[in-house]
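Undergrad: Next up is a structure, given as structure tokens.
The values are calculated or read from the model by the stated rules, or taken from the named source; none is laboratory data. Everything numeric in this text was worked out from a predicted model, so none of it was measured. When we count neighbours, we look across all protein chains shown, and the Cβ atoms used for this are built from the backbone with ideal geometry, even at glycine. Heavy atoms of the whole protein, side chains included, go into the accessibility calculation; ligands, DNA and RNA do not. Shrake-Rupley method; radii C 1.70, N 1.55, O 1.52, S 1.80 Å.
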Amino acid sequence: MLTSQQRRRVSEAIREAESRTDAELVTVLARESDNYLYISTLWAAFLALLLAPLLQFLPWWIEYYEAFTLQWVLFILLAILFRWRPLTMLLVPKRVKYWRAANLARREFLEQELHSTRGRLGLLIFVSEAEHYVEILADRGLAEHVTDEAWREVVEQFIGEVKRGRTADAFIHCIQRSGDLLEEAAPLTVAKNELPDHLVVLE
């Protein structure tokens, strides 16, 4: 997560970008888009169930209730182990992680009221740290003037900087590049500020 000083820099970058355009820009940083506990629990249950057919290869005989107890012990131990966040994220398929992050991004677009801006000029920069997911969502008024390819280029540059460990700078540069595109698509005609300029952080 960003420090308070880095968050202030992001807020200043948003204000500067919005000073050149009629569009409204909101940035959201989520620690994770889901806790994925159901997936770690399913993995623990699946591996515990595999124990039963493996017991027949033991060199000694065990009773039914002993096998049942072993399965429960294994399930509980694995369920606890798989809740360690780095391991949990390894167990979650990439497609599921991206689907959950994309779903949260769209919910935030609505919750931050970007769909209700004048002229439908709302733009969301969404980042989910655990999933390493970045997405830019533009409302209808901007989508008519800025291509998806242009936003993809901004996202790719953002991801490149994050991989080099420059998350705060990546945010600021992303906002600056987005501001340039917004200025071209919807140049400033009237001073207004419909939505907050600070970075929205979802813990």
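Undergrad: Scan Ile136, Ile159, Ile76, Ile175 and give me the residue that is at negative phi and in contact with a Lys or Arg (Cβ under 9 Å, 6 or more places away or on another chain).
TA: Answer to the check: Ile136.
Undergrad: Given the condition under 15 Å from the mean Cα position of the chain (by Cα), open to solvent by less than 40 Å² (accessible area, probe 1.4 Å) and touching a residue at least 12 places away in the same chain (Cβ under 8 Å), answer yes or no: does some residue in segment 147-163 qualify?
TA: Yes, some residue in segment 147-163 is under 15 Å from the mean Cα position of the chain (by Cα), open to solvent by less than 40 Å² (accessible area, probe 1.4 Å) and touching a residue at least 12 places away in the same chain (Cβ under 8 Å).
Undergrad: Right, something else. Anything in segment 158-201 that is outside any helix (DSSP H, G or I), within 23 Å of Thr3 (Cα to Cα) and not hydrophobic (A, V, I, L, M, F, W, C)? List them, or say none.
TA: Arg164, Gly165, Arg166, Pro196, Asp197, His198
Undergrad: Quickly run through segment 80-107 and pick out the residues that are among the aromatic types (Phe, Trp, Tyr) and surrounded by 19 or more Cβ atoms within 10 Å (Cβ to Cβ).
TA: Of everything in segment 80-107, just one residue is among the aromatic types (Phe, Trp, Tyr) and surrounded by 19 or more Cβ atoms within 10 Å (Cβ to Cβ), namely Phe82.
Undergrad: Related question: Any idea which of Ala67, Ala45 is surrounded by fewer than 21 Cβ atoms within 10 Å (Cβ to Cβ), without any contact (Cβ under 8 Å) to a residue 24 or more places away in the chain and touching a helix residue (DSSP H, G or I) at 6+ places or on another chain (Cβ under 7 Å)?
TA: On inspection, the qualifying residue turns out to be Ala67.
Undergrad: Of the residues that sit in segment 51-64 and are open to solvent by less than 70 Å² (accessible area, probe 1.4 Å) and of a type in the set (A, V, I, L, M, F, W, C), which one is modelled with the highest pLDDT?
TA: Leu51
Undergrad: Still on this structure, I have one more. Being over 14 Å from Ala17 (Cβ atoms), surrounded by 19 or more Cβ atoms within 10 Å (Cβ to Cβ) and not β-branched (Val, Ile, Thr) narrows it down to one residue among Ala143, Ala170; which is it?
TA: One residue alone meets the criteria, Ala170.
Undergrad: Those residues that are out of contact with any helix residue (DSSP H, G or I) (no Cβ under 7 Å at 6 or more places or on another chain), open to solvent by 20 Å² or more (accessible area, probe 1.4 Å) and among the charged types (D, E, K, R), I need them from segment 108-123; list them, please.
TA: Glu111, Glu113, Arg118 - these are the residues of segment 108-123 that are out of contact with any helix residue (DSSP H, G or I) (no Cβ under 7 Å at 6 or more places or on another chain), open to solvent by 20 Å² or more (accessible area, probe 1.4 Å) and among the charged types (D, E, K, R).
Undergrad: Based on what the data block shows, is Thr41 in a helix (DSSP H, G or I) and polar (S, T, N, Q)?
TA: Spelling it out, Thr41 is indeed in a helix (DSSP H, G or I) and polar (S, T, N, Q).
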